[in-house]
Amino acid sequence: MRTSKQLTVTYFSIVAFAIIAFHFSMLVSMIENMESIYAKTRMDKDIATATDMFQGTTLSHVTVPPFSDAYLGKQNLPVWVVLKDDVSDDKPYHLDSDSDTNLEFFSMVKKVVINGQARDLYLIHYDEIYETSEAKMFDTQTTQLAISLLLLVVSLWVVMRISSRLTAPLSSLSKNLASRSPEDFAPIPVPDGAATREIHQLVERLNSYQSQIRSLIDRERAFNRNASHELRTPLMVMRGGLTLLAKSDSKEFIERQRQRMMHACQEMEDYIKTLLSLTRDEDTESLSLRILTEAELQLICSAHMDFRPKSDVLLETVVEGTVATKLPLPTLHILIGNLVKNALSCTESGSIKLIMQDNVIKVVDTGCGLQGKPSGESYGLGLMIVRDICSKYHCQFSLVDNDTVGCTASIVFPAE
């Protein structure tokens, strides 16, 4: 595959050759046309003069000063004169190449009436002055052609410089991309010497595309990381429930374990739907808007009561406003449930409040705070899932210490 410089030289050479050939052919054609027009005009005049000179005489040859000789009848032509076979009347022709001369003689034949008799008058014409002028004119045109060729060479140099200026940033960008490792998602710098808008647009689009790839890889890694952890808990619950079912025949105990496994299955299903949704792009604007109810908050709290370190920790819901959201139901439950589990793992005593205000959900605990050491896996994968969900659905998440004890996790939903 050729480089841009090679293509530039090739195409420019073709164009330059075509221009030179056209210029040269136009020059030759112009000189020949001028010569033919001049010869015909001059020879028409000399034939008229020669006709007058033949009238009343028996001559077969006269000289018409300063450049022509006239002959009556083809048999009277000099032996060194050889005419072309396809000559016609009233048109000038060069002598045939078999003629015994190196000069550019013109011949012309015309029917004339001499002494009352129709005769063929042959005129042989050679203008030394014109031929000399023609040679000088050709030399002048050749000089102009040489100057044109020089201008083409200069133009080629300019085009090569422009081509190099335009292609050098692309070559630099290509080398930069070739030297980058597959794990390198750092922004691509604009190449040195990039003076055109297209190069900047190309780099901007490449960085945008690279950002999308990095985001996709991050989502896939997050899915693998979160799935391996978050799905382990409900699986352990189900395995433990199955083990306990084998040790008891109590209907009440069996029903309780069945409810636990049903809840674990539902939680696993919600996690799978949520984690899968985080790994793919979807139009969040097309989702339908709905109002979060107090019953949903209470359901989320009751589903996580088993995560309390101690039974005296109070978990309650407080409704102070309304929240309108487009988050799917499983995703919303995972989002709020992870905040509740995080608060439960950090709170040994006191209370946890799940507060709903206008477009805001807060989880306020009286636990160890951000600087303390939680008993469970606080600030870990659960909060990473929360951040991923908030990022996808354009919510604002914050986690700050309270003025006294504990901390407050807040989610601000976008105003629809």
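The values are calculated or read from the model by the stated rules, or taken from the named source; none is laboratory data. Everything quoted here is computed from the prediction, not taken from an experiment. Note: ideal-geometry Cβ built from the backbone for every residue, glycine included; neighbour counts use all protein chains shown. With ligands, DNA and RNA removed, areas are computed over all heavy atoms of the protein, side chains included. Shrake-Rupley method; radii C 1.70, N 1.55, O 1.52, S 1.80 Å.
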Legend entry - Amide hydrogen neighbours beyond the local backbone of G369, cut-off 5 Å, H modeled: G406, C407
Legend entry - Most mobile of S164, S277, S99 in a GNM of the chain (Cα contacts under 10 Å): S99
Inset, instruction - May I ask for the angle, rounded to the nearest 10°, between helix 4-54 and the longest principal axis of the chain, with both axes built from Cα atoms and the value confined to 0 to 90°? - result: 20 degrees
Legend entry - Estimated Rh, region 1-61: Kirkwood, alpha-carbon pairs, angstrom: 16.1 Å
Inset, instruction - Report the equivalent ellipsoid semi-axes for region 151-199 in whole Å, largest first, defined as the square roots of five times the eigenvalues of the gyration tensor built from alpha carbon atoms. - result: 30, 11, 5
Legend entry - Orphan Cys of the chain, criterion: no other Cys C-beta under 4.7 Å: C265, C301, C346, C368, C407
Inset, instruction - In a Gaussian network model over the chain where Cα atoms closer than 10 Å are linked, find which of L27, L206, L275 has the largest mean-square fluctuation. - result: L27
Inset, instruction - Please work out the Cα convex hull volume for region 61-107 and give it in Å³ per residue. - result: 90 Å³
Inset, instruction - Would you mind checking the pairs K326/K362; K362/K392; K247/K273 and listing those with alpha carbons more than 28 angstrom apart? - result: K247/K273
Inset, instruction - Cross-chain or 8 or more residues apart, Cα under 30 Å: how many lysine pairs in region 1-129 fit that? Count them up, please. - result: 18
Inset, instruction - Scan around V87 for amide H atoms under 5 Å from its own, H built in the peptide plane at 1.01 Å from N, and keep only partners 5 or more places away or cross-chain. - result: none
Legend entry - Beta bridge orientation in the chain: antiparallel %, DSSP, nearest 5: 85 percent
Inset, instruction - Compute, for Y209, the solvent-accessible surface of its heavy atoms (probe 1.4 Å) with the complete set of protein chains present, and express it in square angstrom to the nearest 10. - result: 140 Å²
Inset, instruction - Could you grab the relative contact order for region 67-169? Cα pairs under 8 Å, six or more apart, rounded to a whole percent. - result: 24 percent
Inset, instruction - On the full set of protein chains, 1.4 Å probe, figure out the accessible area of V153 and give it in Å² to the nearest 10. - result: 90 Å²
Legend entry - region 31-140, Cα convex hull volume normalised per residue, Å³: 98 Å³
Inset, instruction - Roll a 1.4 angstrom probe over the protein heavy atoms and tell me the percent of accessible area of the chain that is carbon or sulfur. - result: 57 percent
Inset, instruction - Provide the net charge surrounding I355, with neighbours chosen by a C-beta distance below 9 Å and charges set as Lys +1, Arg +1, Asp -1, Glu -1. - result: +1
Inset, instruction - Using a 10 angstrom cutoff on alpha carbons, build the Gaussian network for the chain and name the most mobile of V323, V159, V113. - result: V113
Inset, instruction - Quick one: which residues, 5+ away or cross-chain, put their amide H under 5 Å from the amide H of V319? H built at 1.01 Å from N. - result: M356
Inset, instruction - Send over a whole-number figure in Å² for the accessible area per residue of region 44-128, probe 1.4 Å. - result: 57 Å²
Inset, instruction - Set the Förster radius R0 to 30 Å, insert the Cβ-Cβ distance between D120 and M34 as r into 1/(1 + (r/R0)^6), and round the FRET efficiency to 0.05. - result: 0.60
Inset, instruction - Considering only protein heavy atoms, with the full assembly of protein chains and a 1.4 angstrom probe, order K40, K175, K326, K74 by accessible area, largest first. - result: K175, K74, K40, K326
Legend entry - Estimated [θ] at 222 nm from DSSP helical runs (n ≥ 4, -39500 (n - 2.57)) normalised by residues in the chain, nearest 500: -19000 deg cm²/dmol
Legend entry - For region 94-207, diffusion coefficient by Stokes-Einstein and Kirkwood Rh (Cα), 37 °C, 0.692 mPa s, µm²/s: 152 µm²/s
Legend entry - Whole-Hz couplings from phi, Karplus 6.51/-1.76/1.60, listed for region 340-346; x for Gly and Pro: 5, 4, 4, 5, 5, 6, 9
Inset, instruction - Could you tell me how many degrees, from 0 to 90 and to the nearest 10, lie between the Cα long axis of helix 294-303 and the main elongation axis, the longest principal axis, of the Cα atoms of the chain? - result: 70 degrees
Inset, instruction - With θ set to phi - 60°, apply the Karplus curve 6.51 cos²θ - 1.76 cosθ + 1.60 along region 81-86 and write out the HN-Hα couplings as whole Hz, x wherever there is a Gly or Pro. - result: 8, 10, 8, 6, 6, 9
Legend entry - Shape box of the chain [Cα atoms, principal axes, largest first, Å]: 155, 42, 42
Inset, instruction - Just tell me which aspartates and glutamates come within less than 20 Å, Cα to Cα, of K175; anything on the same chain fewer than 8 places away is out. - result: E183, D184, D192, E198, E204
